[in-house]
Amino acid sequence: MNVLSILDLSTHEISTIIDNAIRLKEERNLGIPHPHLAGKTLGMIFEKSSTRTRISFEVGMFELGGSALYLNPRDMQLDRGEAIADTARVLSRYLSLVMIRAHRHTSIEAFSVASTIPVINGLSDIEHPCQILADLMTLKERFGSLTGLDIAWIGDGNNVCNSLILSSIRTGMNVRIAVPPGYEPDPDCVARAVDEGSVTFYSSPLEAAEGADAIYTDTWISMGQESEQEERLRAFQSYQVNAALLKRASPECIVLHCLPAHRGCEITDELLDGPQSAVWDQAENRLHAQKALLLSLFNIEK
């Protein structure tokens, strides 16, 4: 099985992964080893740089008893023009599974077609399912259930936003979107969620945040968008997650950010470091959710 989209996982599979992730986290905190993937090797292809994705997958495989290889395309024949399908066929004979953090979703799709081992989307221009699994885990820890939660996304309609929207199909969450004109999420993801999930667009962040259980934001300027910095800062200036916005939400509302954060831009220090911030749990949960995902790809349940 490949996980290129959050929708590649069923409602039951997502629930199982989250529950297993919570148990793995408890075991880790108690110092209980869980080397369930002894002898397995994860290949990690990074077209884009990474902090949380690389470290969480690498540490996760180590703690599961396996090993992880960091594969930079510039150090492989991919950078000299080898067909991605040929690379996939070869790596399938060396490795147990592959995680790819790519510029284009189509590259991961092409790799997965030729691969005979599981392929995980570690990030693409369309989706970031690994991040959303950690987000769902964090929400489950805080609220006990995902069904009926109101999640306000404020800012850029990017890959994380796309996966969050699609996750409403599997979880029963209600996703509220407030983005500047011209920065909307992927229309295909929106159309699917409109038909099968719950996504609503609002004309302002204040409206989207009204009574929300969680307010979620991300950087306004992602990797590869540096040339758009001035234009984006102008477009997003009224979309900051701050105290005024939080006052419109539920009193138990938590604040989410998938990091890295540009403090003082999309979010204030007051909220990022404040008592309602779940950002650091969310970052830690990348490790646990990905360990549970890795186990699921080998049909291992805790």
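All conditions but one from (1) in contact with an Asp or Glu (Cβ under 8 Å, 6 or more places away or on another chain); (2) part of a helix (DSSP H, G or I); (3) surrounded by fewer than 19 Cβ atoms within 10 Å (Cβ to Cβ) apply to residue 282; the one that does not is (3).
Any chance region 93-103 includes a residue that's among the basic types (Lys, Arg), modelled with pLDDT of 95 or more and not in a helix (DSSP H, G or I)?
Step one: list which residues in region 93-103 are among the basic types (Lys, Arg), which gives 93, 101.
When the remaining residues are screened for being modelled with pLDDT of 95 or more, the result is 93, 101.
From what's left, not in a helix (DSSP H, G or I): 101.
For region 93-103, residues among the basic types (Lys, Arg), modelled with pLDDT of 95 or more and not in a helix (DSSP H, G or I): present.
For region 277-302, name all the residues that are within 11 Å of residue 25 (Cα to Cα) and out of contact with any helix residue (DSSP H, G or I) (no Cβ under 7 Å at 6 or more places or on another chain). Residue satisfying the conditions is 284 alone.
Can you tell me which residue within region 251-279, out of those that are under 17 Å from residue 160 (Cα atoms) and either part of a loop (DSSP other than H, G, I, E, B) or without any contact (Cβ under 8 Å) to a residue 12 or more places away in the chain (or both), is nearest to the chain's Cα centre (by Cα)?
To start, the set of residues in region 251-279 that are under 17 Å from residue 160 (Cα atoms) comprises 255-262, 266-267, 278-279.
In the following step, the residues that additionally are either part of a loop (DSSP other than H, G, I, E, B) or without any contact (Cβ under 8 Å) to a residue 12 or more places away in the chain (or both) were identified as 258-262, 266, 278.
On the way: 258: 7, 259: 10, 260: 13, 261: 15, 262: 18, 266: 18, 278: 15 Å.
Among them, the one singled out is 258.
Okay, residues lined up against (1) touching a Cys at 6+ places or on another chain (Cβ under 6 Å); (2) at pLDDT below 95; (3) under 14 Å from residue 256 (Cα atoms):
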{"site": "146", "(1), (2), (3)": "no, no, no"}
{"site": "150", "(1), (2), (3)": "no, no, yes"}
{"site": "154", "(1), (2), (3)": "no, no, yes"}
{"site": "160", "(1), (2), (3)": "yes, no, yes"}
{"site": "166", "(1), (2), (3)": "yes, no, no"}
{"site": "178", "(1), (2), (3)": "no, no, no"}
{"site": "182", "(1), (2), (3)": "no, no, no"}
{"site": "185", "(1), (2), (3)": "yes, no, no"}
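Which of the numbered conditions does residue 208 fail, given that it passes all the others? Conditions: (1) surrounded by fewer than 23 Cβ atoms within 10 Å (Cβ to Cβ); (2) in contact with a Lys or Arg (Cβ under 7 Å, 6 or more places away or on another chain); (3) not hydroxyl-bearing (Ser, Thr, Tyr). Result: residue 208 fails condition (1) only.
Within region 131-142, is even one residue surrounded by fewer than 22 Cβ atoms within 10 Å (Cβ to Cβ) and either within 12 Å of the chain's Cα centre (by Cα) or of a type outside the set (Lys, Arg) (or both)? Yes, some residue in region 131-142 is surrounded by fewer than 22 Cβ atoms within 10 Å (Cβ to Cβ) and either within 12 Å of the chain's Cα centre (by Cα) or of a type outside the set (Lys, Arg) (or both). If the condition is being over 16 Å from residue 7 (Cα atoms) and either of a type outside the set (Ser, Thr, Tyr) or not assigned by TED's automatic domain parsing to the domain that holds residue 214 (or both), then region 175-184 contributes 176, 177, 178, 179, 180, 181, 182, 184.
So in region 23-39, with the set limited to residues that are part of a helix (DSSP H, G or I) and either touching a helix residue (DSSP H, G or I) at 6+ places or on another chain (Cβ under 8 Å) or outside the structural domain of residue 290 (by TED's automatic domain parsing) (or both), which one is surrounded by the most Cβ atoms within 10 Å (Cβ to Cβ)? Per the criteria, the residue is 24.
A Cβ distance below 7 Å, combined with a sequence gap of six or more or placement on separate chains, defines the contacts here; from region 283-302, residues that are at negative phi reach residues that are among the aliphatic types (A, V, I, L, M) and surrounded by fewer than 22 Cβ atoms within 10 Å (Cβ to Cβ) in the pairs 283/259; 287/59; 297/1.
Residues checked against (1) surrounded by 13 or more Cβ atoms within 10 Å (Cβ to Cβ); (2) of a type in the set (Lys, Arg); (3) in contact with a strand residue (DSSP E or B) (Cβ under 9 Å, 6 or more places away or on another chain); (4) over 23 Å from residue 124 (Cβ atoms):
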position: 193; (1), (2), (3), (4): yes, no, yes, no
position: 202; (1), (2), (3), (4): yes, no, yes, yes
position: 218; (1), (2), (3), (4): yes, no, yes, no
position: 229; (1), (2), (3), (4): no, no, no, no
position: 242; (1), (2), (3), (4): yes, no, yes, yes
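Considering 68, 88, the condition of being crowded, with 16+ Cβ neighbours inside 10 Å and outside any helix (DSSP H, G or I) is satisfied by 68 alone. Taking the criterion of being surrounded by fewer than 24 Cβ atoms within 10 Å (Cβ to Cβ), free of Cβ contacts under 8 Å to residues at least 24 places away in the same chain, among the aliphatic types (A, V, I, L, M) and not in a loop (DSSP other than H, G, I, E, B), would at least one residue in region 114-124 satisfy it? No. The residues of region 127-149 that are in a helix (DSSP H, G or I), within 18 Å of residue 163 (Cβ to Cβ) and among the hydrophobic types (A, V, I, L, M, F, W, C), listed by number, are 130, 132, 133, 134, 136, 137, 139.
The values are calculated or read from the model by the stated rules, or taken from the named source; none is laboratory data. Fair warning: this is a prediction, and the values are worked out from it, not measured in the lab. Note that we place each Cβ from the backbone using ideal geometry, even for glycine, and neighbour counts take in every protein chain shown.
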